[in-house]
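Input: a single structure, listed below in structure tokens.
The values are calculated or read from the model by the stated rules, or taken from the named source; none is laboratory data. Keep in mind that this is a model prediction, so the values were computed, not measured. Backbone-built Cβ (ideal geometry, glycine too); neighbour counts: all protein chains shown. Surface accessibility is based on the protein's heavy atoms, side chains included, excluding ligands, DNA and RNA. Shrake-Rupley method; radii C 1.70, N 1.55, O 1.52, S 1.80 Å.
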Amino acid sequence: MDKQPKTNFEQIRVANKEMLDYFNDSFLNSLEELQELKTQAFEIDIKIEELEKTKDLYAFKSTSKKSVFSPKTNDNIETERSRIIDNQIEDLLGVKETLGFKIRSTERSLESLKRRLKLLTDAEDSINELMEYYPSLNTTASSVGKADDYSYDEKTTNDCSAHGYNILMLSAFEKTYLSAMIDKDVKVEIDNLSHKMEMLSYLLSTDVSRAKLTLQEIILASNKLSNTVTDICDHINSHVDSSKPIWNCLDEFIMNERDQHPEYLIDTDISCASYETSLHPVFTINIITLLSIFFDNVFKHANANSISLVMKISDEEVDASIMDNGTGISKDYLTSSPWYSSLHKAHEIIYLLNGTLLVTGEPNAGTHVKFHFPVKG
């Protein structure tokens, strides 16, 4: 069996394992959430029971005080206390109803996750059986995507269908990732905020001190949710106005990066054939996309504090060099990073542009990225 089927098979195996791990983590988190919701519902039941007993006690006192020898009673006071307790019980019943809805929703989610886990587990069992039956398929993750498979600068691979498959997989992963972010970081946080608001309504009439703390929690959670939504929107709406000259697009990109990361010294040396040079949108958008990928990797992983960008853009070609003073990068970065990493995406973009990409670095000596591609009309 040739290299390409083994490589694709290993990609399927790794992807299935990652999805299995993801859904398993989601299942455990949902299970923990369900237990917490049930605990809260149990505590609400106890509070309701205590309030009902207190209400019965007031009613007993009010009734027992009625006597022909003592016609004056405190019925009005006891009635007011009883009314307050009724309101508290009503608030708690509302909270309990909401918790019941969340419990049922979480239980349905658990059942759905169980089905997915079973499918993925069965798939993993099938993959293992195939590997036992066909020993030639038994390749390790480290053997997939070695330098001879990914050295785009040397053009050792010309399998367009494989690259097309990788690009589709990367696009699908990005959509799934955004969906998971919305589901995990937005929907869950909204549910938590809703629950805290209900508790705040109850605490305002029973425990003002605790209500103040809950209000502070709501404010912090709201700010966090707002930041999360902003990040997702920025990711979805990241847009390059390719109608502008490439110089303006690059200038806006650099200014934005400096504003977002003031702790970094970002030095640039960009030369264009003309400040009015306008490239085809495909090239303009991909230049900014590639720079975003490499800059983001420095910000997130390099532990650096300076970036140097040198670019030369003409009517025939684009040359770029990016250097940082961070921790460097391993030679096997493609095989050691997940298939969906941004560096894999960068390689696929370079392949589509018929260009070259070289990423080098030594431990504690920074990383050097060089890419080049021709510009066609």
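Among the GluC sites (Glu not before Pro) in the stretch 239-276, those placed in a DSSP loop whose Cβ has at most 16 other Cβ atoms within 10 Å are E263, E276. For L279, nonlocal amide neighbours, meaning residues 5 or more places apart or on other chains whose placed amide H falls under 5 Å from its own, are I246. The listed residues Y351, Y22, Y275 rank as Y275, Y22, Y351 when sorted by accessible area, largest first, using a 1.4 Å probe. Annotation: amide H of E317 within the under-5 Å range of V375, sequence separation 5 or more or interchain, hydrogens built in the peptide plane.
Where in the stretch 283-362 are there GluC sites (Glu not before Pro) that are in a DSSP coil and have at most 12 other Cβ atoms within 10 angstrom of their Cβ?
On the way: sites: E316, E317, E348; in loops: E316.
Sparse-neighbourhood loop GluC sites (Glu not before Pro): E316.
When a 1.4 Å probe is rolled over the protein heavy atoms, the share of accessible surface on the stretch 267-345 that falls to carbon and sulfur comes to 50 percent.
Ordering H347, H280 from largest to smallest accessible area (1.4 angstrom probe), what's the sequence?
Values: H347 5, H280 85 Å².
Descending accessible area places them as H280, H347.
In this structure the amide hydrogen of I266, modeled in the peptide plane, comes within under 5 Å of the amide hydrogens of I307, none closer than 5 places in sequence on its chain.
Scalar couplings 3J(HN,Hα) for the stretch 17-30, obtained by applying the Karplus form with A = 6.51, B = -1.76, C = 1.60 to θ = phi - 60°, are 5, 5, 5, 4, 4, 4, 5, 5, 4, 4, 5, 5, 5, 5 Hz; x denotes Gly and Pro. Accessible area per residue for the stretch 249-289 is 58 Å², calculated with a 1.4 Å probe on protein heavy atoms, without ligands, DNA or RNA.
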